[in-house]
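Here's the structure we're looking at; comments come further down.
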Amino acid sequence: MTELPLNPASPTPIAPQATAAAAYAVQRQNMVDSQVRPSDITDRRILRAMAVVPRESFLPASLRAIAYMDNPIALDRTARGRVMIEPRLFAKLVQLAEIPDGGRVLEIGSGTGYGVAVLDAMGFKAFGVEQDQTLSAIAAAADPKLAAQISRGPLTLGLAAEGPYDAIIFAGSVADVPTALFDQLKNGARMVAVTGQPPAGKATVWLRTGVSHAARDAFDASAAPLPGFARAHSFSL
């Protein structure tokens with residue numbers, strides 16, 4: 001009979017990073033299956049991309065444990081109320097934009113870069129604009145390649161240098177949209193945003209036709225406001 005060694009070798013330990021990556025992968029698929037797919041998301045490009053882009057990588061380390069929650073995630077306190085919008089709302093806004101294959105798309109208020117990463121994974125020529133230095137730094141750390149596609153600057157100016165776009169998506173709510181942003185759309189292209197003040201609001205889509213743009217409400221939605229798009233107050237004596 002073969003005797004067992006007195007000190008059998010210990011099994012090869014699994015690296016903590018590998019364990020964490022596997023756990024996040026399970027959470028990511030659960031997010032797609034339980035949050036995104038049931039929200040009437042039928043665009044398979046969205047489902048495929050959101051199943052592979054590591055949402056946790058686009059958050060500060062202290063927030064990665066809640067990366068796949070079905071709620072907005074409040075970002076660094078220095079970002080003055082900015083959030084990463086919940087997965088289902090992001091997916092619904094992207095689907096509402098009806099972006100053609102290979103299209104150019106701009107995300108306004110790209111924050112830590114997750115939205116641009118998903119749009120890039122969908123095969124679009126994706127760009128973002130962000131004015132908060134703290135959020136831009138997180139995006140640069142998450143993916144230096146994608147960070148090059150995100151420009152620093154006022155959100156209200158958009159990113160005309162890379163336009164015109166097949167779609168413009170706002171990663172938050174707005175009250176007014178500057179006319180200059182509509183000028184960055186191609187003819188026949190769409191702009192989508194949440195309009196109204198939390199907790200009430202609507203997902204709104206604008207279609208550019210020539211020099212005009214028509215708006216319609218698509219579904220109920222609520223999102224944290226993006227800076228710079230508050231409605232100007234008028235005063236009268």
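The values are calculated or read from the model by the stated rules, or taken from the named source; none is laboratory data. In this text the structure is predicted, and so the values were computed from the model without any measurement. Glycine gets a Cβ as well: all are built from the backbone with ideal geometry, and neighbour counts include every protein chain shown.
What the table below lists for this structure:
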item: Leading residue by the ranking (farthest from T179 (Cα to Cα)) among those in region 189-228 that are part of a loop (DSSP other than H, G, I, E, B) and touching a Ser or Thr at 6+ places or on another chain (Cβ under 6 Å); result: P199
item: Subset tally (residues that are out of contact with any Lys or Arg (no Cβ under 9 Å at 6 or more places or on another chain), farther than 20 Å from A137 by Cβ and part of a loop (DSSP other than H, G, I, E, B)) for region 39-84; result: 5
item: Matching residues, region 102-134, being assigned to a helix (DSSP H, G or I), out of contact with any strand residue (DSSP E or B) (no Cβ under 6 Å at 6 or more places or on another chain) and small (G, A, S); result: A117, A121
item: Test: residue in region 168-179 that is modelled with pLDDT of 95 or more and charged (D, E, K, R); result: no
item: Residue check, V177 part of a strand (DSSP E or B) and within 25 Å of P87 (Cα to Cα); result: no
item: Selected residue (criterion: surrounded by the most Cβ atoms within 10 Å (Cβ to Cβ)) from residues of region 78-107 that are more than 14 Å from the chain's Cα centre (by Cα), charged (D, E, K, R) and over 17 Å from E130 (Cβ atoms); result: R104
item: Failed item, numbered, when S151 is tested on (1) touching a Pro at 6+ places or on another chain (Cβ under 6 Å); (2) under 21 Å from R104 (Cβ atoms); (3) in a strand (DSSP E or B); result: (1)
item: Among (1) within 24 Å of N71 (Cα to Cα); (2) surrounded by fewer than 19 Cβ atoms within 10 Å (Cβ to Cβ); (3) at pLDDT 95 or above - the single one G188 does not satisfy; result: (1)
item: Residue match in region 23-34 (condition: at positive phi and either modelled with pLDDT under 95 or exposed (fewer than 15 other Cβ atoms within 10 Å of the Cβ) (or both)); result: no
item: Extreme residue, farthest from H213 (Cα to Cα), among residues of region 167-181 that are buried (at least 23 other Cβ atoms within 10 Å of the Cβ) and of a type in the set (A, V, I, L, M); result: A171
